[in-house]
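Only one structure is covered here, and it is reproduced in the block below.
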Amino acid sequence: MPTVYMCFSTDIIHGGHIKIINEAKQLGDLTVGVLSDEAVASYKRFPLVPCIERKQLFENIAGVSRVVEQKTLSYKDILLDLKPDIVVHGDNWQQGFQKPIRDEVVSILSSYGGKLVEFPYSSDEKYTEIDKRQRADLAMPDLRRGRLKRLLEMKGFVTAMEAHDGLTGLVVENTIIHENGGARQFDAMWLSSLCDSTAKGKPDIELVDMTSRFRTIDDIMEVTTKPIIFDGDTGGLTEHFVYTVRSLERMGVSMVIIEDKTGLKKNSLFGTEVVQTQDSIEHFSQKIRAGCAARRTKDFMICARIESLILEKGLEDALARARAFRDAGADAIMMHSRKKDPQEIMDFLEAFRKEDKTTPIVLVPTSFNSVKEEEWKQRGANIVIYANQLMRAAVPAIQKAAETILENHRAEECDKDLMPFKEIIRLIPEE
Ligand code: SPV
Ligand code: MG
């Protein structure tokens, strides 16, 4: 009896899946592959049902002999392991981003005499409706809030990109690239105080009040589903911070990061060029403890950001603070630096990881931007935030358009640099 293999990424099983399974099992002894959580999240969206439960769904279908996990979008490893006689797939992967994956399958099958059987893919409206509803569920606060923690458990390393309004939120939500048979997208969004303030034409000195910052969160939340990391600046007075924690948690934000500065906060990228005061370990620990006590769920994370390297207080001070804030209850530590050279951050990672293997470490490599994500992961970092690149890309582009129109007394010359509006509105979801 020939052996047959087919792979699924679905959270639910509907009639369409049963139909193709019935056809596949006519061809031989059927093994079903279930795509890993990480692979599903990389190319589609966060899976609502974890891989282990999705495996159980298929184990209970008559005619499925065995269920295995397929760890990558590429079929290479699983095919070389199982060497099935037949691979079954819908014919929808003959074009689009899945085509290189199909080409690889065809080539591996032909290396040992296997064959590919494709069935016509039918996208029934009632099934696309289910998928749409599942996406909408991902945006609900209770489901959204815990997703950062889950991503950290699942992947150990997460990337976040800055968003400061609904449109940049959509760019972070939907930008995806396909490479080497896989896909890459940002895992989360960073609500930068610098960019939120700059978008309003204001300095980054905690001048834009929380009500206005919440409004930005709301604009982004309305049109996206990815977890949100909120830049809480200093957190303000402890008596105020506890209310901020409750509000953010209720809205479905996943993490707030507060920095150990006090008084009039200035942006860290100014470093020691401006007067900035670091909070005492005792006082900031108390703020962390109060924030942790105020939250209602285990899903919401509070991260302590340490400014010792920014303020040139040295590694020992940074380490002492990291220990103290973790012991006060911080769920993660962000260590910041404004040096181009990544060495001081690497020194911190090495020293801290010697004594603490688990507390997540967050980095914002704006200045020290030469190191790739894979290396940060290998050195023990868990979250990398791209804090302001979208805004810095936009400003020169809009300035240039304004100047070109002034220079030419008309808009024709700048048109070549502009995206047609019918392409922009493709980003905007329709109900
Ligand atoms: C922000 O993006 O607002 C930050 C990161 O706090 S930094 O600007 O590097 O201080
Ligand atoms: Mg900030």
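Can you tell me which residue is farthest from the chain's Cα centre (by Cα) among those in the stretch 11-36 that are open to solvent by less than 20 Å² (accessible area, probe 1.4 Å) and closer than 25 Å to ASP137 by Cα?
VAL34
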Quick one: is GLY236 at positive phi, more than 25 Å from the chain's Cα centre (by Cα) and not polar (S, T, N, Q)? yes
Considering residues of the stretch 179-203 that are touching a Leu at 6+ places or on another chain (Cβ under 9 Å) and at pLDDT below 95 only, the residue nearest to ligand 1 (Cβ to nearest atom): ALA183
Of all the residues that make up the stretch 112-128, how many are within 22 Å of ASP91 (Cβ to Cβ), in a helix (DSSP H, G or I) and open to solvent by 60 Å² or more (accessible area, probe 1.4 Å)? 3
With respect to GLU69, is the statement that it is open to solvent by 50 Å² or more (accessible area, probe 1.4 Å) and closer than 28 Å to THR175 by Cα true? yes
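Quick grid of which residues meet (1) away from ligand 2 (no atom under 16 Å from the Cβ); (2) among the small types (Gly, Ala, Ser); (3) at positive phi:
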{"site": "LYS266", "(1), (2), (3)": "no, no, no"}
{"site": "PHE270", "(1), (2), (3)": "no, no, no"}
{"site": "GLU282", "(1), (2), (3)": "yes, no, no"}
{"site": "ARG295", "(1), (2), (3)": "yes, no, no"}
{"site": "ILE310", "(1), (2), (3)": "no, no, no"}
{"site": "GLU316", "(1), (2), (3)": "yes, no, no"}
{"site": "ALA322", "(1), (2), (3)": "yes, yes, no"}
{"site": "GLY329", "(1), (2), (3)": "yes, yes, yes"}
{"site": "ASP347", "(1), (2), (3)": "yes, no, no"}
Taking the stretch 37-55 on its own, how many of its residues are in a loop (DSSP other than H, G, I, E, B), within 13 Å of the chain's Cα centre (by Cα) and touching a residue at least 40 places away in the same chain (Cβ under 8 Å)? 2
Residue set LEU264, LEU309; condition of a type in the set (A, V, I, L, M), over 27 Å from the mean Cα position of the chain (by Cα) and farther than 27 Å from ARG145 by Cβ; output residue LEU264
I'd like to know if the stretch 401-422 contains one or more residues that are assigned by TED's automatic domain parsing to the domain that holds ASN267 and basic (Lys, Arg). no
Residue by residue through the stretch 243-301, note down the ones that are within 16 Å of ligand 1 (Cβ to nearest atom), assigned to a loop (DSSP other than H, G, I, E, B) and crowded, with 22+ Cβ neighbours inside 10 Å. VAL253, ASP260
Qualifying residue in the stretch 335-343 (condition: over 26 Å from GLU273 (Cα atoms), assigned by TED's automatic domain parsing to the domain that holds ILE302 and open to solvent by 60 Å² or more (accessible area, probe 1.4 Å)): no
May I ask you to list pairs of residues, at least six apart or on different chains, whose Cβ atoms are under 6 Å apart, with the first in the stretch 220-239 being over 15 Å from ILE288 (Cβ atoms) and the second being within 16 Å of ligand 2 (Cβ to nearest atom) and assigned to a loop (DSSP other than H, G, I, E, B)? ILE220/ALA163; ILE228/VAL253; PHE230/VAL253; ASP231/SER192
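Would you tally the residues in the stretch 370-399 being of a type outside the set (Val, Ile, Thr) and under 16 Å from LEU194 (Cβ atoms)?
Counting residues in the stretch 370-399 that are of a type outside the set (Val, Ile, Thr) and under 16 Å from LEU194 (Cβ atoms) gives 9.
The values are calculated or read from the model by the stated rules, or taken from the named source; none is laboratory data. Only a predicted model underlies this, so the values are computations on that prediction, with no experimental measurement involved. Please note: Cβ atoms are built from the backbone with ideal geometry, for glycine as well, and neighbour counts cover all protein chains shown. Ligands, DNA and RNA are stripped out before the accessible areas are found, and what is left, the full protein with its side chains, is counted by its heavy atoms. Shrake-Rupley method; radii C 1.70, N 1.55, O 1.52, S 1.80 Å.
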